[in-house]
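J.: Pasting a structure below so you can have a look.
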Amino acid sequence: MPDKNSGRGLFTLTNLVAGIIVIIGLYLIFLRFKGGLGAVTNFSDDYPWGIWKSFFIFIVVPIGAAGYTTGAAVYLFGMEKYHSVVRLAVLIGFLSYCTAAGSLTLLDVGRPERIIMAYPFVVQPGTTSLLFEVALCVVLYITVLLIEFLPFSCEWLGYRKARNWLLKGTLALAIFAVVLSTMHQSTLGAMWTITPAKLHPLWQSPYLPVYFFVSSIFSGLSVLIIMTTICKHFFKHLMNERYLDEDEGVILAFGKGACVAMLGYLTIQVFGLATADKWHYLFSSMYGYWYLLELLGFVALPCLFFAMGCREKNTKLIRWTAVWTLLGIILNRFNVTLLCYNYHLPFSEKYTPTWMEVWILITVVTIVGLVFRFIVTRMPILYDHPDFKSHH
Amino acid sequence: MSISRRKFLGWMGAVAAGIGASSSKTANAGGHFTGYPDSMGVLHDMSLCVGCRLCEEACNKVNDLPQPDKPFTDLTVLDEKRRTTPTSHTVVNRYDNVEYNGKPVFRKMQCNHCLEPSCASACMVAAFKKSPEGAVKYDPTVCVGCRYCMIACPFEIPTYEYNENLVPLVQKCTMCAPRIEKGELPACVEVCPKEALIFHKRDDLIKIARERIRKYPDRYVDHIYGEHEMGGTSWLYLSPVPFHEVGMREDLGVTSGPELAHGSLGLVPMIVGLWPAFLLGMKGMSLRREKVATKEKAEAVAIAVAKANAEGDEKVKKAKEFAEKQKEILLVKAKTEQEKAVKKALEEAAESESKTETKIEEDPDA
Amino acid sequence: MEHGIYTLHDFMKQNEDLTYILLGVSLVLATLAWMFLTERDDDE
């Protein structure tokens, strides 16, 4: 029904730009397979992981945290009245994890066919590996998200029986989502504890798994705030009354949640400094100031602004603070995975991505954006399907 | 459930046997592992190395690697700092800023073959394995090319074939494991003209190194690099200058990669074990609250309805009663009036027969 | 020597294999336990 509302023909300016980006990007991806990773990237033996790993795993996965945080809030922590955003959250989570798994498998890894066929994992599972744990969790969680996502497609296509059957497992799925997310979000941080001397001491910590998990909470909540805002801007005509009614409540509640999570994060960061006596690093080099900028400028300040926004019921402030918070997450993940990794190397030996790496990254993001638009304008994400009464 | 008792008992037996077997074959005292006994290692004595690059050449030949642009006899290569690459599994670097006996110090670099390899711990398809002989072996048949081993290696040794399009592999020193199995020396050790490299049981090498330090205290820094670094390595180093001055990190610590990963992985079962309990508890509480709320609401509604009903009933009853009374009164009234009228009529009829008028009063309206 | 466990890594390998299986089992069991526990809640 609503997909015709947004259809202003295929040849809009947005589609044209997106098309150009994607066509050039696909050609670059072809080059990557023709000449190997070295043909398009600056990956090196010192920096085996470039911006693709940093972005597609370490940033996209906390973005996908919107799925489990929202699911937990609504289904487990008694915020049922904000049920309208669950569908959007599931969609964000599903697309994020598909992006992460898909782009890494198809682009970054040296032997994609071995991952796709899963053969080495069956013959020789590396169960001692933190990355194995992440991979396993991501695969399982994508399955969970798929089961959570399928009902919307069923509604779109009119498969009533399948939809009702799928919805039966909602509670179990919400719990699996939280368990699996806690596991892999924290393990993404734990992955760096194995290399104690390569990451700058201010970022290296035995608490890294906890830092990554807690920051994924406010990351997910912020992403949800940002995405509802974006949807409200572009797809307001699709939103039903219930969605619009609950919108302000959602923003306030999620802003408050993010604020609390950030307070916790700040506290444990300070404890981390104290237990390992890292105070002297703070003012002794550029890394110290960089760390302070990240922690104070991109966690403490947004935390304060979230609090102010919640106190004054200022949803506009909360929406902007969410963007700020997400930038902080992106900064933190880049710091851990690239900028403060190999901190002992001189600047001349550090890694900078090639334009082609960046272009391919933008290509993937563009494709995901198009898929998101396709789904939102067709499936009942922002409204309840008229033929299906909301099950809650 | 159709699991037979016999089957079940069989399973239990298998589990018990597994537990018994696993505990009996674990040779760790108090959770501390000391590595394979009699495993081999190499001692690199930097005070003896002259930077001839013969080891690089031998390595290149043994591993069938492509010839480099500059021949191995060209020592100008040493002017720049190099690292291992996919086509050079070992490199010798010259450090001009430090001197020993009036000459610069040379250091050979290759995989250190950790006793507890970080790469093995990091690999998600278990492609790396510490062999009982000492080598950390790489299995190219399962490698998916995620390159986490390279992130994890504290010595920055594994390299990747980035320019290989379809079958890129990780490349690193094999400690000449195939040669060792045949009873030969690693190629670099065999070719070294100065005996700056010696191959032996690791335990013996540590004794030899200690002895050298004891005998020539002026020649060596009092430290065997690799004895404890990152849990210990099969390659050991003696140096006439502080190790950090020849590009070897002294801040690695003594905790091995697997041990660090072990700590982090240990969190996972706790998450899986306790999160569902905690979350279900939360859910239970929220369900309970909801239930109580609905119940209270229902009760309140019921009371309100009952009250309303009761009130309504009374009104209706009253109205009914009122109506009934009214009716009765009227009926009585009507009756009497009718009787009166009839009586009157009869009387009138009887009294004045001559008068033929009949008079009827107005009818009562019920 | 072939069958012994001399490194922490091998020790972990052996234990993690089993742990992952147990983790899966525990999730299934948690689900069943919850169902068993709450099945008759609606009866009152």
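The values are calculated or read from the model by the stated rules, or taken from the named source; none is laboratory data. This one's a predicted model, so the numbers in the text were calculated from it and none came from an experiment. Cβ sites come from the backbone with ideal geometry, for glycine too, and all protein chains shown count toward neighbours. All accessible areas refer to the heavy atoms of the entire protein, side chains included, with ligands and DNA or RNA removed. Shrake-Rupley method; radii C 1.70, N 1.55, O 1.52, S 1.80 Å.
J.: Using modelled backbone amide H atoms (1.01 Å from N, in-plane), which distant-in-sequence or interchain residues come within less than 5 Å of C:ILE5's amide H?
T.: B:ALA27
J.: Also, quick follow-up: Report the charge-dipole magnitude of chain A in Debye, nearest 20, computed about the Cα centre from +1 at each Lys and Arg Cβ and -1 at each Asp and Glu Cβ. Don't skip to the end; give the middle numbers.
T.: Working: 28 positive and 21 negative charges, 136 e Å.
That gives chain A a dipole magnitude of about 660 debye.
J.: Only Lys, Arg, Asp and Glu count, each charged at its Cβ (+1, +1, -1, -1), so figure out the dipole size of the protein assembly as shown about its Cα centre, rounded to 20 debye. Could the numbers behind the result be given before it?
T.: Details: 81 positive and 82 negative charges, 136 e Å.
The dipole of the protein assembly as shown has a size of about 660 debye.
J.: Go through B:VAL332, B:LEU166, B:ALA261 and say which Cα lies farthest out towards the positive end of the charge dipole of chain B; charges sit on Cβ, +1 for Lys and Arg, -1 for Asp and Glu.
T.: Value: B:ALA261.
J.: What is the spin-label model distance, in nm, from B:VAL332 to B:GLU133 if the labels are put 7 Å beyond Cα along the C-beta direction?
T.: Result: 12.7 nm between the two label points.
J.: Enter the Cα centre distance for the pair the range A:244-285 and the range A:130-184, rounded to the nearest angstrom.
T.: Centre-to-centre distance over Cα atoms comes out at 29 Å.
J.: Let me ask something else. Describe numerically, in nm with one decimal, the distance between label points set 7 Å from Cα along Cα→Cβ at B:GLN67 and at A:LYS316.
T.: 7.4 nm
J.: If I model a spin label as a point 7 Å beyond the Cα along the Cα-Cβ vector, how far apart are those points for B:MET270 and B:GLU311 in nm?
T.: Going by the 7 Å Cα→Cβ label model, 6.0 nm.
J.: Mind listing the phi-derived Karplus ³J(HN,Hα) values for the range B:80-94, rounded to whole Hz, using 6.51, -1.76 and 1.60 with θ = phi - 60°, and x for any glycine or proline?
T.: So the Karplus estimates, Gly and Pro as x, are 10, 6, 10, 9, 5, 9, x, 9, 9, 7, 9, 9, 10, 10, 9 Hz.
J.: Separate question: If I take R0 = 30 Å and measure r between the Cβ atoms of A:LEU31 and A:THR352 in this structure, what FRET efficiency does the formula 1/(1 + (r/R0)^6) give, to the nearest 0.05? Mind dumping the intermediate values first?
T.: Working: r = 19 Å, r/R0 = 0.63.
Efficiency for this residue pair is about 0.95.
J.: Find how much the distance from A:LEU282 to A:ILE116 grows on full extension, using 0.36 nm per residue of separation minus their present alpha carbon separation; answer in nm with one decimal. Show your work: numbers first, answer last.
T.: Details: separation 166, 0.36 × 166 = 59.76 nm, distance 4.43 nm.
This chain segment gains 55.3 nm when fully extended.
J.: Give the relative contact order (percent, whole number) for chain A; include only Cα pairs under 8 Å separated by 6+ residues. The partial results should precede the final answer.
T.: Working: 484 pairs, mean separation 104.8, N = 392.
Relative CO of chain A lands at 27 percent.
J.: Gaussian network model of chain B, Cα springs within a sub-10 Å range: biggest mean-square fluctuation belongs to which of B:ALA302, B:ALA334, B:ALA177?
T.: Judging by the Gaussian network model, the answer is B:ALA334.
J.: Then there is this: What full-extension length gain, to one decimal in nm, is calculated for B:ASN97 and B:ARG83 as 0.36 nm per residue of separation minus the Cα-Cα distance? Kindly include the intermediate steps, with their values, before the conclusion.
T.: Values: separation 14, 0.36 × 14 = 5.04 nm, distance 1.82 nm.
Roughly 3.2 nm would be gained on extension.
J.: Also: Quick one: among B:THR336, B:THR85, B:THR255, which has the greatest mean-square fluctuation in a GNM of chain B with alpha-carbon springs under 10 angstrom?
T.: Evaluated over chain B, the most mobile residue of the options is B:THR336.
J.: If I take R0 = 60 Å and measure r between the Cβ atoms of A:ILE268 and B:LYS182 in this structure, what FRET efficiency does the formula 1/(1 + (r/R0)^6) give, to the nearest 0.05?
T.: Values: r = 54 Å, r/R0 = 0.91.
Here the calculated transfer efficiency is 0.65.
J.: Work out how much length B:LYS207 to B:GLU164 would gain on full extension: take 0.36 nm times their residue separation and subtract the Cα-Cα distance, in nm to one decimal.
T.: Values: separation 43, 0.36 × 43 = 15.48 nm, distance 4.35 nm.
Value of the extension gain: 11.1 nm.
J.: Only residues of the range C:1-34 count here: report those whose backbone N is under 17 Å from the spot 7 Å along Cα→Cβ of B:HIS32, or say none.
T.: C:6-9
J.: Between A:GLU241 and A:PHE374, what FRET efficiency comes out of the Förster formula 1/(1 + (r/R0)^6) with R0 = 22 Å and r the beta carbon distance, rounded to 0.05? Before the final figure, lay out each step's value.
T.: Numbers: r = 24 Å, r/R0 = 1.11.
Calculated value: 0.35.
J.: Which loop trypsin sites (Lys or Arg not before Pro) in the range B:177-217, with loop taken from DSSP, have no more than 15 other Cβ atoms within 10 angstrom of their Cβ? Show your work: numbers first, answer last.
T.: Details: sites: B:ARG179, B:LYS182, B:LYS194, B:LYS201, B:ARG202, B:LYS207, B:ARG210, B:ARG212, B:ARG214, B:LYS215; in loops: B:LYS182, B:LYS194.
Here the trypsin sites (Lys or Arg not before Pro) that fit, given the DSSP loop and packing criteria, are B:LYS182, B:LYS194.
J.: Given contacts defined as C-alpha pairs under 8 Å and at least six residues apart, what's the relative contact order of the range B:175-238, whole-number percent? Write out the running numbers ahead of the final one.
T.: Details: 45 pairs, mean separation 12.3, N = 64.
For the range B:175-238, the relative contact order is 19 percent.
J.: Carbon and sulfur atoms: what percent of the 1.4 Å accessible area of the protein assembly as shown do they account for?
T.: 64 percent
J.: How high is the relative contact order of the range A:85-177, given as a whole-number percent (alpha carbon pairs under 8 Å, six or more residues apart)?
T.: Numbers: 46 pairs, mean separation 26.5, N = 93.
The value is 29 percent.
J.: Return the sequence-ordered ³J(HN,Hα) values of the range B:203-210 in whole Hz as given by the Karplus equation 6.51 cos²θ - 1.76 cosθ + 1.60 applied to θ = phi - 60°, using x for Gly and Pro.
T.: Values, residue by residue: 4, 5, 4, 5, 5, 4, 4, 4 Hz.
J.: Gaussian network model of chain B, Cα springs within a sub-10 Å range: biggest mean-square fluctuation belongs to which of B:GLU290, B:GLU339, B:GLU227?
T.: Per the Cα network of chain B with a 10 Å cutoff, B:GLU339 tops the list.
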